[in-house]
Amino acid sequence: METLEDNRSLTPTEVAEILKITKHTVYEMVKRGDIPAYRIGRKMRIDPKDVELYRRQGKSFEFARPAIDQPEFPPTPSLNQFNIALSQDKLVISGQDIILDILARHLEQHLSPIKIFRYYVGSFEGLSSLYHGKTDMAAVHLLDGDSGKYNLPYVRHLLPGIPVIIIHLAQRMQGFYVPKGNPKDIKDWLDLKRPDIIMLNREAGSGTRVLLDEKLRLLKIDSKAIRGYEREEYSHLVVAGAVARGEVDVALGNEKASLQVRGVDFIPLQKESYDLVITKNRMEEAKLQTIIQILQSPSFRSELLGLGDYDLSNTGQVVADI
């Protein structure tokens, strides 16, 4: 017979220690639906099996849920299970950065009673969801290695015939996560093919994975020569945590996640443009203008400044209207 000890749950502090992240980050993960949690009385508890699954395998977490005014731990069904049909009283934003959660809250305040839903997927899946009419807005960071440009080349090819507006959100720094002190002296992309280096990759379709693959293509590095290239995880925090625990030597991700995980140093490599792609054919002009005004507003910019680690020089600037 199973005992309570066999089913012992973990506190947020214990989860933070296991994943080598802060307790605040654990709360954010639960809030986003990245990891399931439940309550015993007034205390939050997390199943060790869910922590282990998150740590070892990663999850795609294609969750859609209202942005605000929800119970603390809402159900987290997939977008299809949620059966969200785009309409005048709903807006769906895809992407994974916290900037989008802040935008969702501003939109819900200014567009009430319209409900704002978040769809936590990577850049390619976000553009695909726009093309198939599943979302209204998608945040992307996709490098075209040949031109050196971000996002617009992909939008032109993946959204043919669909009128969109692209608005700049922020610039972020991408780079390598390495163990504290960088014991293997990893410096640049060429180090990935060293036989003593094991990496952990991001999932195909994410902007981070596109950056890696474009750099490998331009440098003529065969991915088969990179140890660990085939192993994929689904978030910056997961790969940074694996580096901190010594499971791998290096992973690629954004700078912000490196500051949330203890035992990790960050090697900056590439400044990327993080942009919002908005479909115009399903959106009223007044609604679109409200979105643009929020993105350009001092209050929105001020809130992003509080996050740190973003270049907000051109936030709210219209990159393209096609």
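The values are calculated or read from the model by the stated rules, or taken from the named source; none is laboratory data. None of these values were measured; they are calculated from a predicted model. Cβ sites come from the backbone with ideal geometry, for glycine too, and all protein chains shown count toward neighbours. The area values use the complete protein model at the heavy-atom level, side chains included, leaving out ligands, DNA and RNA. Shrake-Rupley method; radii C 1.70, N 1.55, O 1.52, S 1.80 Å.
Extent along the principal axes, Cα only, for the stretch 230-305: 51, 30, 19 Å, with the longest axis given first. Skipping prolines and chain starts, which residues have an amide H placed within reach, meaning under 5 Å, of the one on Lys115, given they are 5 or more residues away or on another chain? It is Lys90, Leu91, by chain and number.
As I understand it, the dipole of the chain uses +1 on the Cβ of Lys and Arg and -1 on the Cβ of Asp and Glu, about the Cα centre. Which of His24, Ile102, Val239 lies farthest toward its positive end? About the Cα centre, the residue reaching furthest to the positive side is His24. All Cα-Cα separations within the stretch 186-233 were binned at 10 Å from zero, giving a P(r) of 27, 63, 10, each value a whole percent of the pairs. For the residues Glu272, Glu28, Glu230, Glu52, a 1.4 Å probe over the protein chains yields an accessible-area ranking, largest first, of Glu230, Glu52, Glu28, Glu272.
A cut-off under 14 angstrom between Cβ atoms defines the neighbours of Asp144, and their net charge, with Lys, Arg +1 and Asp, Glu -1, is -1. Considering only Cα atoms, the convex hull volume of the chain works out to 149 Å³ per residue. Sorting 315-321, 119-125 by their mean Cβ neighbour count within 10 Å, with the most densely packed peptide first, gives 119-125, 315-321. Counted over the chain, the DSSP beta bridges are approximately 75% antiparallel. Applying the Karplus relation 6.51 cos²θ - 1.76 cosθ + 1.60 with θ = phi - 60° to the stretch 313-320 yields 3J(HN,Hα) values of 4, 10, 4, x, 6, 6, 7, 7 Hz, where x marks Gly and Pro.
Compute, for the chain, the length of the dipole vector about the Cα centre, with Cβ point charges of +1 (Lys, Arg) and -1 (Asp, Glu) only. Units Debye, rounded to 20.
For this selection, approximately 140 debye.
Under 5 Å from the amide H of Val319 lie the amide H atoms of Ile166, Ile167, His168, each residue being 5 or more positions distant or on a separate chain, with H modelled from the backbone and absent for Pro and chain starts. Using a probe radius of 1.4 angstrom, the carbon and sulfur fraction of the accessible surface of the stretch 205-322 is 47%. Take the Cβ atoms of Ala286 and Ala320, set R0 to 22 Å, and the FRET efficiency comes out at 0.55.
Sparsely packed loop sites in the stretch 170-199 (the trypsin sites (Lys or Arg not before Pro) outside DSSP H, G, I, E and B with at most 10 other Cβ atoms within 10 Å) do not occur. Taking every lysine pair in the stretch 146-263 that is 8 or more places apart or spans two chains, those with Cα atoms closer than 26 Å amount to 23.
Close amide-amide hydrogen proximity is noted between Leu269 and Gln174, Gly175, Phe176, each under 5 Å apart and 5 or more residues distant or on a separate chain (H modeled in the peptide plane; Pro and chain starts excluded). Per residue, the chain exposes an accessible area of 46 Å² to a 1.4 Å probe, with every protein chain left in place.
For Lys43, the lysines whose Cα falls under 20 Å of its own Cα, not counting residues fewer than eight places away in the same chain, are Lys23, Lys31. Helix-only arithmetic for the chain: the sum of -39500 (n - 2.57) across DSSP H runs with n ≥ 4, divided by the residue total, places the mean residue ellipticity at 222 nm at -9500 deg cm²/dmol. In order along the stretch 237-246, phi translates into HN-Hα couplings of 5, 5, 5, 5, x, 5, 5, 4, 7, x Hz, rounded to whole numbers, per the Karplus curve 6.51 cos²θ - 1.76 cosθ + 1.60 with θ = phi - 60° and x for Gly and Pro.
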